[in-house]
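Quick notes on the structure that follows.
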Amino acid sequence: MREPTVDRRQVLGLGGALGLMSATGLSAAAVLSRRPPAAGAELRSAVPLPLAFRVPLRKAADGSRIPRVLSNDVPAWRRSDAARVRDFSFRAGRMHGGHGWLIGGRPFDPARTDVTVPLGDVEVWRLIADVHHPVHLHLVGFRVRSRSGKQPLPHDAGLKDTVSLRPGESAEIITRFDGYRGRYLFHCHNAEHEDMGMMANLEII
Ligand SMILES: [Cu+2]
């Protein structure tokens, strides 16, 4: 008789995800294997811990499917909607007498407003990078119009909060700054870059 099997997500649920897996010495291969352990099996830790996972004796069906179209309400801003176009370079430079990472040639100053946008305006931003910089905006999602003057990449489709610029690459993005007035940030999402100056203040008025 064929043994009932369990969904591997049940196994993960039992294990409390990957952190516990490493704590117990169970290998990722054992837990994430495409061939889940047989029901009733017991997964034991490789290190001497008073801990074991008992796979329950029940069968689970997974009727979920990834839809063919994930979203059809993506904003269709046109370039002609833009109240203005801005340019921002993301480059290495000098900061406080040392090495830093700069936006538009300037390191971050928390007291300085770098960009002021009236609430509701559509803007086009042209971003250019020296090395790899994942550029991230707070407050709004945006759409990627082009990369270095060419068609965006497949993963640029949809509403984005980050565009990952490759070395020497530029990108044109468009968004409407709606939502709330106040002060927000945009920055390189590389933690070392943002901590070494590659951040700027955006004021919605
Ligand atoms: Cu960066």
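The values are calculated or read from the model by the stated rules, or taken from the named source; none is laboratory data. Keep in mind it's a predicted model, so treat the numbers as computed, not measured. Cβ atoms come from the backbone with ideal geometry, glycine included; neighbour counts cover every protein chain shown.
May I ask you to say which residue of Glu172, Glu192 is charged (D, E, K, R), within 14 Å of the ligand (Cβ to nearest atom) and closer than 23 Å to Gly105 by Cβ? Outline the logic, then answer.
Details: Glu172 fails: within 14 Å of the ligand (Cβ to nearest atom).
Answer to the check: Glu192.
Take the range 107-122 and flag every residue that is surrounded by 15 or more Cβ atoms within 10 Å (Cβ to Cβ) and either of a type in the set (Gly, Ala, Ser) or closer than 12 Å to Phe186 by Cβ (or both). Spell out how you get there, then give the answer.
First pass over the range 107-122, keeping only residues surrounded by 15 or more Cβ atoms within 10 Å (Cβ to Cβ): 107-108, 114-115, 117, 121-122.
Of everything in the range 107-122, those that are surrounded by 15 or more Cβ atoms within 10 Å (Cβ to Cβ) and either of a type in the set (Gly, Ala, Ser) or closer than 12 Å to Phe186 by Cβ (or both) turn out to be Phe108, Asp114, Val115, Val117.
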Discussion item. I'd like to know if the range 52-70 contains one or more residues that are closer than 22 Å to Pro152 by Cβ and at pLDDT 95 or above.
Written reply: no
Response to the item:
Counting only residues in the range 127-169 that are among the acidic types (Asp, Glu) and either closer than 15 Å to Met199 by Cα or free of Cβ contacts under 8 Å to residues at least 40 places away in the same chain (or both), the one nearest to the ligand (Cβ to nearest atom) is identified as Asp161
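Looking only at the range 175-189, count every residue that is within 16 Å of the ligand (Cβ to nearest atom) and either of a type in the set (Phe, Trp, Tyr) or under 23 Å from Ser148 (Cβ atoms) (or both) and tell me the total. Walk me through how you get there before you give the answer.
Start the filter on the range 175-189 by keeping residues that are within 16 Å of the ligand (Cβ to nearest atom), which leaves 185-189.
In the following step, the residues that additionally are either of a type in the set (Phe, Trp, Tyr) or under 23 Å from Ser148 (Cβ atoms) (or both) were identified as 186-189.
Total meeting the criteria: 4.
Which residues, counting only those in the range 157-195, are part of a strand (DSSP E or B), within 15 Å of the chain's Cα centre (by Cα) and either of a type in the set (Val, Ile, Thr) or farther than 26 Å from Ala83 by Cβ (or both)? Before you say what the answer is, go through the steps one by one.
To start, the set of residues in the range 157-195 that are part of a strand (DSSP E or B) comprises 160, 162-165, 170-176, 182-188.
Then drop every residue that is not within 15 Å of the chain's Cα centre (by Cα), which leaves 160, 162-165, 186-188.
Residues satisfying the conditions are Thr162, Val163, Ser164.
Does Val144 count as buried (at least 18 other Cβ atoms within 10 Å of the Cβ), in contact with a Pro (Cβ under 6 Å, 6 or more places away or on another chain), part of a strand (DSSP E or B) and among the aliphatic types (A, V, I, L, M)?
Details: buried (at least 18 other Cβ atoms within 10 Å of the Cβ): yes; in contact with a Pro (Cβ under 6 Å, 6 or more places away or on another chain): yes; part of a strand (DSSP E or B): yes; among the aliphatic types (A, V, I, L, M): yes.
Against the criterion (buried (at least 18 other Cβ atoms within 10 Å of the Cβ), in contact with a Pro (Cβ under 6 Å, 6 or more places away or on another chain), part of a strand (DSSP E or B) and among the aliphatic types (A, V, I, L, M)), Val144 qualifies.
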Discussion item. List pairs: first residue in the range 87-107 and within 13 Å of the ligand (Cβ to nearest atom), second residue assigned to a strand (DSSP E or B) and charged (D, E, K, R) anywhere in the structure, Cβ distance under 7 angstrom, at least six positions apart or on different chains.
Written reply: Gly100/Arg94; Leu102/Arg91
